[in-house]
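Working notes, structure below.
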Amino acid sequence: MSTVYLNGEYLPAEEAKISVLDRGFVFADGVYEVIPAYGSHLLRLEQHLQRLDDSLDGIRLANPFDHMQWAAILEEIVKLNSENNEDLSIYLQVTRGAAKRDHAFPDEIKQTVFVMATPMSAVPAEQLENGVAAITHDDIRWRYCHINSIALLPNTLMRQVAREAGAAEAILYRDDQVTEGAASNVFIVLNGRILTPRKDECLLPGITRDLILEIAADSGLDCQEADISMQMLREAEEIWVTSSTKEILPVTKLDGQAVGNGKPGPVWRDMLDRYQQYKDKLRTGAAQ
Ligand code: PLP
C-alpha cells in the first residue's frame, strides 16, 4: 500500500482525506508537479521546485515551504515507497485549501499539500520499436499554459480524442503554430535540425524539454527553439513528444500519415541513448 503525504502527515493513501470544500476540488484552484525518481534520486529537483514557485506565483498562492522543506518531504516519500526498488513518479499538489465557496480568494488561507508516489512503468518496448501515433488538435486551453494548473479538463478531453482515434497523444496548435502535446512537449527534426517551440505562455516549460536542449547543446547537436508551423510539423523527418513519464517518444504517424519513413528516426535514437546515459548517471548520484 502506498504512503502519501497530506498536510504534515505521512499515512496510507486510503486514510488520506481532504474536505469537500477544498478549492482544489471545487474550483481546480491549485498547481502540481510530477517529478521522476530513478534509483531513489529525484530528477532535476531544483528545476521542478523552481517551476512550482513560478506556478504558485502565477496563481498568487504563497508557497507553504522553502526548497529544503520540499526536498525533505519528497525524499521521505521516495524512501517510504521504495520497498521494491522501482523507479517512481512523484506527484505533488498544492491548493488554496478549504473555504466557503466563493470565487474570490478567502481572507485566511491554509494551503492543502498532497504528495504521492506511483511506480513508473517503463515505456513499452513496442512503442520504442515502432513509435506511436498522434493526432493534431486545436489548442482549446486557456492563455496561461505555462502554469502547471490542476485544471486539466481540456487536456483530458483532447487526450481522449487522441485515444479514440487510436493515437497516443494530441499535438496542439494555436493560430497555425505548434504549442505542445496534451501532456507533453513537442520536438521535430526538420532538414536535420532539432527544433522545439520557444517557451511562452502557450506551453508548459517541460523539465524534460529543457534537459534535452541541455544534452543537445553539450553534445554539439544542432537543436534550437523556434516557431513551428503546422506545415513544418507535417514536413518533419521526425517528431518526438517528451515528458517526465514518457521521456522521449517517437511519433511515427500523424493524423494517419507516416512521419518520415514511418519508423523511429536516427536523431531520436541518438538522443534517447544520451538521455539513458544521463539517467544512469542520476541513478548513481553522479548527475542531478
Ligand atoms: N506539457 C504538458 C501540458 C504536460 O502536461 C507535461 C507533462 O505532463 C509536459 C508538457 C512535459 O513536462 P515535463 O517534461 O516537466 O514532464
Query raised in the report: So residue 206 fits all but one of (1) under 24 Å from residue 44 (Cα atoms); (2) in contact (Cβ under 8 Å) with a residue 40 or more places away in the chain; (3) under 14 Å from the mean Cα position of the chain (by Cα); what number is the exception?
Result: (2)
**Report entry** Pair list, Cβ under 6 Å, 6 or more apart: region 176-197 residue more than 19 Å from residue 272 (Cα to Cα), other residue away from the ligand (no atom under 11 Å from the Cβ) and of a type in the set (Val, Ile, Thr)
**Finding:** 178/228; 197/178; 197/228
Query - Top-ranked residue in region 244-284 [being under 18 Å from the mean Cα position of the chain (by Cα) and among the charged types (D, E, K, R); ranked as farthest from residue 51 (Cα to Cα)] - result: 279
Query raised in the report: What are the pairs, 6+ residues apart or on separate chains, where a residue within region 269-288 that is farther than 14 Å from residue 221 by Cβ has its Cβ under 6 Å from a residue that is open to solvent by 70 Å² or more (accessible area, probe 1.4 Å) and among the hydrophobic types (A, V, I, L, M, F, W, C)?
Result: none
Report summary line: Log entry, pairs with first residue in region 239-268 being closer than 12 Å to residue 187 by Cα and open to solvent by 10 Å² or more (accessible area, probe 1.4 Å), second being at pLDDT 95 or above and among the charged types (D, E, K, R), beta carbons closer than 6 Å, six or more apart or on different chains, reads 267/238
Requested in this report: Only residues that are at pLDDT 95 or above and of a type in the set (S, T, N, Q): list them for region 48-107, please.
Outcome: 50, 55, 63, 69, 81, 89, 93, 95
Requested in this report: Would you point out the residue of region 7-51, among those that are away from the ligand (no atom under 16 Å from the Cβ) and under 22 Å from the mean Cα position of the chain (by Cα), that is nearest to residue 78 (Cα to Cα)?
Outcome: 40
Query raised in the report: Take the residues of region 141-170 that are open to solvent by 40 Å² or more (accessible area, probe 1.4 Å) and assigned to a helix (DSSP H, G or I): which is farthest from the ligand (Cβ to nearest atom)?
Result: 164
Requested in this report: For region 131-138, indicate whether the set of residues that are open to solvent by 30 Å² or more (accessible area, probe 1.4 Å) and under 17 Å from the mean Cα position of the chain (by Cα) is non-empty.
Outcome: no
Requested in this report: State all residues of region 269-283 that are open to solvent by less than 10 Å² (accessible area, probe 1.4 Å) and away from the ligand (no atom under 15 Å from the Cβ); if no residue qualifies, say none.
Outcome: none
Query raised in the report: Quick check, is residue 116 under 30 Å from residue 16 (Cβ atoms), within 18 Å of the chain's Cα centre (by Cα) and either more than 16 Å from the ligand (Cβ to nearest atom) or part of a strand (DSSP E or B) (or both)?
Result: yes
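The values are calculated or read from the model by the stated rules, or taken from the named source; none is laboratory data. None of the values given here were measured: they were computed from a predicted structure. As a convention, Cβ positions derive from the backbone with ideal geometry for all residues, glycine included, and neighbour counts pool all protein chains shown. Just so you know, the surface numbers come from the protein's heavy atoms only, side chains and all, with ligands and any DNA or RNA stripped out. Shrake-Rupley method; radii C 1.70, N 1.55, O 1.52, S 1.80 Å.
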